[in-house]
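Accompanying notes for the structure given below.
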Amino acid sequence: MTDTAPRARRSDATRAAILRAARERFAADGYDRATIRAIAADARIDPSMVMRYYGSKEGLFAAAAEFDLRLPDLGAVPPDRLGETLARHFLRRWEGDETLAALLRAASTNPGAAERMRGVFAEQLAAEVARLGTDPALTARRAGLVASQVLGLAFARYIVGLPPVVEMAADELAAWVAPTLQRYLTGPVPA
């Protein structure tokens, strides 16, 4: 048992050093320009150790990145403006923070990043939707549908670069998407 305790502490210290270096490197260089070699050098370890613990750059990014959707207090929003408020909010967040697009890109190919994305939306968005006083049995569904819409929109606009969606001004795009989000949040349950 004494042999595994020092190894476990070294392993924990190595993981912590990797995550610290990754957070700093991703913040300084962005996802695309950050490299495993640079992160490993910052952590003063061999690049193979990064791969051993995190499997890939996407896996490391998912573990290192801290995501706050910075959702508005939906309880303070007039009920008929919820969809518009969320549509505008998410467009601002996606356009103002490249880490969200990087996580979405990573989530499309990396199970760890996909799990991280699910967790971010499940914890943060579902909690905000629950505050609206919706039927608790439907909260997860409503939040999931909102997430599907905003993630699909983000994928089309920021990852794939679908021209008609990219070319629209944020206000116009919000106006198109808002009624759908509104229906997901407050609409009747389909028969």
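Tabulated values for the structure
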read-out	value
Single condition Gly30 does not satisfy, out of (1) in contact (Cβ under 8 Å) with a residue 40 or more places away in the chain; (2) surrounded by 16 or more Cβ atoms within 10 Å (Cβ to Cβ); (3) touching a helix residue (DSSP H, G or I) at 6+ places or on another chain (Cβ under 8 Å)	(2)
So Ala8, is it part of a helix (DSSP H, G or I) and modelled with pLDDT of 85 or more	no
Elements of type helices (runs of 4 or more DSSP H) in segment 17-104, at least 2 residues being over 30 Å from Tyr184 (Cβ atoms)	36-43, 47-54, 57-64
Scope segment 73-99; condition surrounded by fewer than 13 Cβ atoms within 10 Å (Cβ to Cβ) and either in contact with an Asp or Glu (Cβ under 6 Å, 6 or more places away or on another chain) or of a type in the set (Gly, Ala, Ser) (or both); matching residues	Gly75, Ala76, Gly96
Flag if Glu123 is assigned to a helix (DSSP H, G or I), of a type in the set (D, E, K, R) and open to solvent by 40 Å² or more (accessible area, probe 1.4 Å)	yes
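The values are calculated or read from the model by the stated rules, or taken from the named source; none is laboratory data. Remember, it's a predicted structure, so these values are computed and weren't measured experimentally. Glycine gets a Cβ as well: all are built from the backbone with ideal geometry, and neighbour counts include every protein chain shown. Note: areas computed on protein heavy atoms with side chains; ligands, DNA, RNA excluded. Shrake-Rupley method; radii C 1.70, N 1.55, O 1.52, S 1.80 Å.
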